[in-house]
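Below: the structure, in structure tokens.
The values are calculated or read from the model by the stated rules, or taken from the named source; none is laboratory data. Please read these numbers as outputs of a predicted model, since none were measured by experiment. Here the Cβ is made from the backbone with ideal geometry for all residues, glycine too, and neighbour counts use every protein chain on show.
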Amino acid sequence: MATRAPDTVELAARLRLAVTRLARRLRQEAGAGITPSMLSALSSADRQGPVTMRDLCAAEQVQPPTMTRIVAALVAAGLVVREADAKDGRVAWVKVTADGRRLLERSRRRKEAFLARALRELDPRDVATLEAAADVLERFTEAPHEAGERP
């Protein structure tokens, strides 16, 4: 008996919905006490090391006025510092503070604990399937995709 080829549009819709719901649930589990936009920007700043506002805007795909508001809130919360570049005053650098790193670590631990609990409740075959899916999703999200190009 021949297997039916998957409907890629239907699969894309199912994946989009599942990933969106999982991301929402992980945000709820994070318990960070800051907005999702702030947490995302904080995470990007941590991942990139000291980062310029321009590069942070690019990483978060937001306009400068939006990032200015987000960074101002992160500064007010003591999670980052914003410093002018010593050579070019037009450039601002964002650096994560120790408090910011602790918040990120706590948030990550909470999200990973939630996922680990959920995985322990699954059948081992489902866990193996998710492990294979994680490999595919990692490759998929690491590769740049242009509209109309195949991954």
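Numbers for the structure displayed
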read-out	value
Any hit, the stretch 87-98, residues being at pLDDT 95 or above and outside any strand (DSSP E or B)	yes
Residue in the stretch 135-149 that is closer than 26 Å to Leu26 by Cβ, within 19 Å of the chain's Cα centre (by Cα) and surrounded by 14 or more Cβ atoms within 10 Å (Cβ to Cβ) present	no
Unique residue being at negative phi, modelled with pLDDT under 95 and crowded, with 16+ Cβ neighbours inside 10 Å when the list is Ala77, Ala32	Ala32
Residue match in the stretch 114-129 (condition: surrounded by 14 or more Cβ atoms within 10 Å (Cβ to Cβ) and either touching a strand residue (DSSP E or B) at 6+ places or on another chain (Cβ under 6 Å) or on the phi < 0 side of the Ramachandran plot (or both))	yes
Selection status of Ala118, over 22 Å from Ala32 (Cβ atoms) and not charged (D, E, K, R)	no
Test: Arg117 is free of Cβ contacts under 8 Å to residues at least 40 places away in the same chain and more than 15 Å from the chain's Cα centre (by Cα)	yes
